[in-house]
Amino acid sequence: MSCTERKTFRHACSKNCFSSCTIISTVENGRIAELQGDPAHPYTKGKLCSKGFALMEMNEHPERLKYPYYQKVKGSGKFTKITWEKAYELIIGEMVNIYKRNKSFYSLGFYKGTGNLGVLHYVTDQFFAGLDGATRIIDSSATANIDRSQFERGQGRNPFVIKDAPFIFIWGANPAATNVHLIPFLIEAKVRGAKVVVIDPLYTQTAELADLYIQIRPTGDGDLARLLLKGLAESNSFFEKLSGFLEDGQSERFAEWIRGIDQKRALLSSGVSEEALHLLLQWLKKKGPSVHVIGNGVFRQAHAEKSICAIEALAAVHGDFGRSGSLVFIKQKPAKIFNNQISADNFSFNGRFLKMSDSWENRGGSPLEMLWISCANPMTQSPNRQRWEKSFQAARFVVTVDHFLTPTAKMANLVLPTTTLFEEPDLVVNDFHQALTFNEKAVAPYFESRSEWEIVRELSVRLEKALPGVHRFSVHSSEEEYLNNQFNEEVYKKYGAKDLSQLKGFPGPYFPLENGEDVMWKQSLQKLINHLTEESGENGEKGAEQPSIETTPPKEYPFWLVTPHHPYRLNSQFHFLRLMDEKEAFVGIHARAARKLGIFDGEIIRISSAYGSVEIKAVYSTQVPEDALFIYEGWHSDTEVEVNRLFPPQSEEDPHSSRTPLHHTFVKVEKL
Ligand SMILES: Nc1nc2c(c(=O)[nH]1)N[C@H]1C(S)=C(S)[C@@H](COP(=O)(O)OP(=O)(O)OC[C@H]3O[C@@H](n4cnc5c(=O)[nH]c(N)nc54)[C@H](O)[C@@H]3O)O[C@H]1N2
Ligand SMILES: Nc1nc2c(c(=O)[nH]1)N[C@H]1C(S)=C(S)[C@@H](COP(=O)(O)OP(=O)(O)OC[C@H]3O[C@@H](n4cnc5c(=O)[nH]c(N)nc54)[C@H](O)[C@@H]3O)O[C@H]1N2
Ligand SMILES: [Mo]
């Protein structure tokens with residue numbers, strides 16, 4: 001009789017998500033037999049999302065890459081299976097050629113997306129940052145990069161406070177789809193009598209939970225915040241509350257700024273009714289701290305900083321700065337504190353950063369001859385999609401490291417299969433609740449998949465032989481030894497952890513030790529008010545006044561296009577997961593708007609912007625206002641509809657496009 005060997009392991013999900021769940025896997029005879037949420041995690045409490053459970057299916061999905069593949073002509077689809085040895089040989093051959101010709105790796109560009117945020121995966125960034133002269137590509141498709149340094153605030157990112165908050169504002173975020181573990185906290189708050197306000201042009205899954213839903217006009221958030229703070233300031237003695245925090249003269253300047261807010265214009269441009277405004281003010285005037293959750297809907301706006309400042313000013317007037325139980329939450333890039341994360345951002349060898357928003361074709365410098373893409377799917381995710389396509393075509397050699405043959409991988413010359421979180425150890429730092437967790441390796445790599453650390457190690461050994469001294473990567477004997485070497489004083493200060501041994505065996509996720517919050521609050525409030533009242537905006541408007549932005553779609557493109565994140569996918573990942581009656585990509589359109597154009601439910605239509613067009617199935621939707629459409633972002637593997645073709649390429653010259661206003665593209669609809 002054969003005896004089944006069963007063992008359990010603990011994992012930390014390394015996807016770009018608010019939760020970073022700990023997951024317990026049961027492994028039987030070397031294969032994952034079961035996954036469950038880990039009840040010991042204080043934020044996720046044993047509950048996994050649909051994608052968490054689907055990780056098991058993903059791990060042995062028939063479409064998962066098993067071997068390295070090579071195609072001479074990009075996009076030809078004529079891939080041949082090759083050995084790893086051959087793959088390394090091709091890569092080193094290209095690198096040596098580049099270096100010998102240019103005496104630098106300037107024309108080698110690497111791009112790392114957000115497919116896996118584990119510390120181990122920074123090995124790729126570190127390797128390329130340590131290559132003489134290499135180019136690092138920055139693309140705003142990744143986590144928003146609003147420059148928060150000005151107002152960097154001391155509030156701990158403690159989502160647990162939400163359950164006790166009497167007022168919860170959700171601005172342009174859809175946690176019921178994108179942050180499901182927040183929902184029990186919201187419900188707990190509601191049971192205690194909290195008012196939940198959801199502000200979104202789309203009637204989302206989160207809006208269904210709201211006490212008040214405001215169907216805001218896209219980009220109207222700053223104006224709603226200004227309306228509220230004007231209303232509060234009129235009747236509240238807010239200066240007294242703030243006085244301990246402000247510098248001389250600041251409260252007078254702030255009061256004057258608030259008096260200058262044009263109520264009539266703000267009502268019009270936000271589309272908020274006076275009745276809703278009145279109700280909100282009534283709630284806010286009661287005591288108690290408020291929580292503001294700010295999502296992509298706001299920070300992907302053309303004037304995100306201004307909207308966010310207005311929301312923060314509202315929190316200030318409400319007396320929430322420095323008050324326990326309050327929170328202004330904005331998703332940001334995770335703090336990079338491990339050694340390899342730090343060195344990834346600091347070229348050790350005169351390398352350069354290149355923004356996808358720079359039109360490099362016109363910049364004289366040498367074009368990129370080789371591209372290395374890891375954890376990224378720019379062909380479906382980047383607003384600069386067209387530019388990526390051109391860059392791929394222009395490069396002689398493109399390498400993609402992934403689990404699947406994605407639209408990006410299809411455009412590469414070499415596709416390398418890599419390990420998943422079950423097949424490699426890792427460290428995961430979450431950027432919402434901030435826990436640090438160890439991920440255990442549970443099973444052997446799928447077929448010939450190799451970890452990014454192993455790929456980099458093999459390359460650096462071979463490169464050292466071919467071109468001694470051109471890279472600065474230190475070779476370790478194993479992934480764990482490599483991870484152990486990434487700890488430092490800063491990690492110790494933040495988490496009290498010195499090495500992996502402390503995190504193994506699961507003492508629980510490590511949460512940050514405490515910080516000097518009060519001082520930070522004070523400083524950030526002062527900076528905020530200075531910014532509001534002193535600085536001039538891009539068009540000469542003052543501080544965070546509403547900039548002149550078109551809130552009515554132009555005649556030739558009469559619809560707003562909103563591209564939210566899918567509840568059962570993660571950006572371009574989990575393309576195989578079908579949990580809804582949704583067989584293919586679709587565009588949500590209001591029935592009245594559709595009928596006016598003679599479009600029936602289910603008809604294939606064309607959506608065009610000034611930049612591109614897609615053909616897609618129309619679905620009547622009650623979620624959208626009449627002048628807006630929505631299409632989920634991601635990889636629509638069944639139809640290959642590429643929504644991001646509709647966005648304007650970013651331009652560094654355009655002051656409004658420091659990041660692409662992903663939800664604010666105007667489009668038209670045509671029958672085919
Ligand atoms: N299931 C799932 N979870 C995810 C992800 C996923 O793809 N799927 N992705 C993860 C990642 S990388 C991220 S960044 C987060 C994103 O998390 P969220 O920010 O919650 O996700 P989005 O869908 O981008 O939410 C944007 C919302 O803003 C609305 N919106 C658009 N324009 C405006 C506007 O002008 N004002 C307001 N108030 N709202 C507007 C949209 O209708 C949409 O409902 O989610 C993470 N979690
Ligand atoms: N229209 C529109 N576009 C958007 C957005 C939007 O709201 N609307 N949202 C934007 C946002 S917020 C984000 S964060 C980006 C996300 O876009 P990307 O940064 O491209 O991230 P993902 O699509 O999640 O994953 C990219 C690839 O990583 C691969 N991957 C997963 N795990 C691993 C691993 O362990 N190793 C390696 N090598 N690869 C792995 C996946 O298979 C996938 O092909 O998209 C942006 N694009
Ligand atoms: Mo994101």
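The values are calculated or read from the model by the stated rules, or taken from the named source; none is laboratory data. Everything quoted here is computed from the prediction, not taken from an experiment. Counting neighbours? That spans all protein chains shown, and the Cβs are built from the backbone with ideal geometry, glycine included. Calculation scope for accessible area: heavy atoms of the full protein, side chains included, ligands and nucleic acids excluded. Shrake-Rupley method; radii C 1.70, N 1.55, O 1.52, S 1.80 Å.
Table for the structure above
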quantity	calculated
Failed criterion for A466 (all others in (1) crowded, with 17+ Cβ neighbours inside 10 Å; (2) at pLDDT 95 or above hold)	(1)
Among (1) more than 16 Å from ligand 3 (Cβ to nearest atom); (2) basic (K, R); (3) touching a residue at least 12 places away in the same chain (Cβ under 8 Å), the one test that K264 misses	(3)
Test for R385: is it within 10 Å of ligand 2 (Cβ to nearest atom) and basic (K, R)	yes
Among residues of region 290-307, those that are within 16 Å of ligand 2 (Cβ to nearest atom) and assigned to a helix (DSSP H, G or I), counted	5
Which listed residue is assigned to a helix (DSSP H, G or I), away from ligand 3 (no atom under 16 Å from the Cβ) and at pLDDT 90 or above, from R592, R606	R592
Any hit, region 183-205, residues being at pLDDT below 85, open to solvent by less than 20 Å² (accessible area, probe 1.4 Å), in contact with a Phe, Trp or Tyr (Cβ under 8 Å, 6 or more places away or on another chain) and in a loop (DSSP other than H, G, I, E, B)	no
In region 71-107, the residues that are among the basic types (K, R) and open to solvent by 80 Å² or more (accessible area, probe 1.4 Å)	K72, K78, K81, K86, K100, R101, K103
Count - residues of region 380-424 that are aliphatic (A, V, I, L, M) and under 23 Å from L55 (Cα atoms)	6
Search result, residues across region 394-452 that are more than 18 Å from Y122 (Cβ to Cβ) and within 16 Å of ligand 3 (Cβ to nearest atom)	F432
Test: residue in region 313-327 that is under 28 Å from the mean Cα position of the chain (by Cα) and farther than 19 Å from V161 by Cα	yes
Qualifying residue in region 416-427 (condition: more than 10 Å from ligand 2 (Cβ to nearest atom), touching a Gly at 6+ places or on another chain (Cβ under 8 Å) and either among the hydroxyl-bearing types (S, T, Y) or open to solvent by less than 10 Å² (accessible area, probe 1.4 Å) (or both))	yes
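Residues checked against (1) open to solvent by 80 Å² or more (accessible area, probe 1.4 Å); (2) away from ligand 3 (no atom under 16 Å from the Cβ); (3) under 22 Å from the mean Cα position of the chain (by Cα):
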{"site": "R6", "(1), (2), (3)": "yes, yes, no"}
{"site": "F18", "(1), (2), (3)": "no, no, yes"}
{"site": "I23", "(1), (2), (3)": "no, yes, yes"}
{"site": "P39", "(1), (2), (3)": "yes, yes, no"}
{"site": "Y43", "(1), (2), (3)": "no, yes, yes"}
{"site": "L48", "(1), (2), (3)": "no, yes, yes"}
